[in-house]
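Read the structure below first, then the notes.
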Amino acid sequence: MKPCILLIEDDRDMRELVGGHLEHNGFDVQRAEDGIKGQALALQYSPDLILLDLMLPKVDGLTLCQRLRRDERTAGIPILMLTALGGTKDKVSGFNSGADDYLTKPFDLEELQVRIKALLRRSDRGPVGSGTHQEILSYGPLTLVPERFEAIWFDNPVRLTHLEFELLHCLLQRHGQTVAPSLILKEVWGYEPDDDIETIRVHVRHLRTKLEPDPRKPRFIKTVYGAGYCLELPTGAQLEDLGDVLAQARQNREEHEQAKRASA
């Protein structure tokens, strides 16, 4: 079966140009011109990937991305944002809303296709056999479970996005070593990077929120200034004490989230 792509774009010429190019290259393309129709088609077709314009009528792209990520029926679908807003703050907003990748208009159609194939390959929604993980990876208190894009962290399951999983896997493969941003971008995003360090920073922050007892003072995912990132995992006698610290941190976060929901 052809991979199904949902293209949510309000500009008719852009919609037809991109949609026609993708169909010519073997994709099944569904089109939507606004956020409301886009959300409906996402639920109807469960596409393999969503191309999402940021500036949409009725429901804007950031809001729609957040809605898709909150809905378990669409939470795992890769989302590539297409937008004319290319500033750092715009990219951070896109990633924080749940986007997997971000492409600034005007863009080359071949570059778009490379990004799409990288996302499909990483999310395991591409052709059978294209997945890169064949076994569970484990070191100390961390075990990665590729089948569920999940980390077992001090015996507790932690749900990760596809990008968070790949980023953690990249660092785990080089545990104790400093990994350069250029290597992370190439290995995790799957294409030649444009030195977009902010892309990595956003996803490292997300990982720290899920794994660190205090994300503002990271113990495990460390920044090596001017060089990259290093994953340092505890072993031996350190494990028991840190397990208690993490358990307390999880409890504090859960209580904070419950308080937020109660006051909403």
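See the values below:
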item: Hits in region 141-153 - residues which are modelled with pLDDT of 85 or more and either assigned to a loop (DSSP other than H, G, I, E, B) or acidic (Asp, Glu) (or both); result: PRO141, GLU150
item: Residue in region 75-85 that is within 14 Å of ASP101 (Cα to Cα), hydroxyl-bearing (Ser, Thr, Tyr) and free of Cβ contacts under 8 Å to residues at least 60 places away in the same chain present; result: yes
item: Any hit, region 15-27, residues being under 13 Å from ILE77 (Cα atoms) and of a type outside the set (A, V, I, L, M, F, W, C); result: no
item: Lone qualifier among ALA247, ALA259, ALA227 - being more than 25 Å from the chain's Cα centre (by Cα) and either modelled with pLDDT of 80 or more or surrounded by 13 or more Cβ atoms within 10 Å (Cβ to Cβ) (or both); result: ALA247
item: Failed condition for GLU9, given (1) among the charged types (D, E, K, R); (2) crowded, with 18+ Cβ neighbours inside 10 Å; (3) in contact with a Gly (Cβ under 8 Å, 6 or more places away or on another chain); result: (3)
item: Breaking point among (1) within 17 Å of ASP100 (Cβ to Cβ); (2) open to solvent by 20 Å² or more (accessible area, probe 1.4 Å), for LEU64; result: (2)
item: Of all residues making up region 87-106, the number that are open to solvent by 40 Å² or more (accessible area, probe 1.4 Å) and of a type outside the set (Ser, Thr, Tyr); result: 5
item: Residue tally, condition surrounded by 13 or more Cβ atoms within 10 Å (Cβ to Cβ) and over 13 Å from the mean Cα position of the chain (by Cα), over region 72-86; result: 4
item: Selection count, region 171-187, where residues are touching a Pro at 6+ places or on another chain (Cβ under 8 Å) and charged (D, E, K, R); result: 1
item: Residue tally, condition modelled with pLDDT under 85 and open to solvent by less than 50 Å² (accessible area, probe 1.4 Å), over region 155-180; result: 2
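The values are calculated or read from the model by the stated rules, or taken from the named source; none is laboratory data. Values in this document were obtained by computation on a predicted structure and should not be read as measured data. Glycine gets a Cβ as well: all are built from the backbone with ideal geometry, and neighbour counts include every protein chain shown. Please note that ligands, DNA and RNA were not included when accessible areas were found on the heavy atoms of the full protein model with its side chains. Shrake-Rupley method; radii C 1.70, N 1.55, O 1.52, S 1.80 Å.
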